[in-house]
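Report on one structure; see the data block that follows.
The values are calculated or read from the model by the stated rules, or taken from the named source; none is laboratory data. Note that this is a predicted model, so its numbers are computed, not measured. Reconstructed Cβ throughout: ideal geometry from the backbone, glycine too, with neighbour counts over all protein chains shown. Protein only, heavy atoms only, side chains kept; ligands, DNA and RNA dropped before computing areas. Shrake-Rupley method; radii C 1.70, N 1.55, O 1.52, S 1.80 Å.
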Amino acid sequence: MKLPLLSELEDEQMDVYTHPANKSVVVVGPPGSGKTSLAIWRALFVARQGKDVVLVTRNRMLAAMACQLAREGEGGTFETMTMHAFVWQDCIKSIGAPPNGGNGDYTLDWPEISKQYRARGIQRHIDQLIIDEGQNLPAGFFCWANEFCASTMSIFADEHQTTIDEGSTMQDLRKLEIPDWLRLVFNHRNTEEIARLSAWFHKDRKLPQAIARRGPSGDVPRIIEVTSFGWEDLAQMAADRLSNAGGSIGVITYGQADV
């Protein structure tokens, strides 16, 4: 992934980037709308205003990537970490003990954590949390962070990209009573064919399909299910395709062991 230049951001993306640094915002966008890039640019923008900024995401790979991309931006510094690392560090700093008594359990007891913070009178102590992939973080995290950690939050989410059962819905985020919501409507990453294929899996989408900006590629994606032939035949098919047409090939399997 490459962080786009600030001059390459489009109008709807600039609205997110320049949203007042002292206000919270929820940014809802489809796959390919640039939410992760905007989360990094947003963190840089707020940090440049002299604010204390932490960018939080769910997995270590995305946190590491955000940290690397942030170094490529100009000016402004902020911390980047996973949700669990952030909660762990904040608990030690604020209440003098890790969450769940430090037993390593990744299932956090949000009511108990909030109870301990409330008993110690902990108040918001971070200017802004930038939260990427918000749909993959539990609702309890947002309630805890909103009450005890961050004066403002910038939340980036797409309900249809959630990968866990305990993730947050748009209804969960609305309970935070953040008045400013911005919607991204353009898909900058995928061609029209890929965008249509993605939309097929989102038939219950409440928002309209994103508008693909890259146009058609001239090659309609196909789903080939491996049933009557084996993995060696599939590997040869993929190799032939790659040598003849180039580009990228995606293979969907049930588990990593299949790969």
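Amide H of ILE130: which non-local residues (sequence gap of 5 or more, or other chain) have their own amide H closer than 5 Å, using H built in the peptide plane?
VAL54, LEU55, VAL56, SER154
Once both labels are modelled 7 Å past Cα along the beta-carbon direction, what's the GLU177-ILE249 spacing in nm?
Placing both labels 7 Å along Cα→Cβ, they lie 5.6 nm apart.
To the nearest 0.05, what FRET efficiency results for ASP15 and GLN68 with a Förster distance of 22 Å applied to their C-beta separation?
Step by step, r from the Cβ atoms, then E = 0.30.
Subtracting the Cα-Cα distance from 0.36 nm times the residue separation, let me have the gained length for GLN89 to LYS23 in nm, one decimal.
On the way: separation 66, 0.36 × 66 = 23.76 nm, distance 2.47 nm.
Extending this stretch completely gives an extra 21.3 nm.
Which entries in the list LYS23/LYS93; LYS35/LYS115; LYS2/LYS93 go over 27 Å, if you measure between the two C-alpha atoms of each?
LYS35/LYS115; LYS2/LYS93
List every residue whose amide H lies under 5 Å from the amide H of PHE186, counting only residues 5 or more places away in sequence or on a different chain, with H placed 1.01 Å from N in the peptide plane.
Excluding prolines and chain starts, which carry no amide H, the hits are ILE211.
How big is the accessible area of HIS84 in square angstrom, nearest 10, if you roll a 1.4 angstrom probe over the protein chains?
40 Å²
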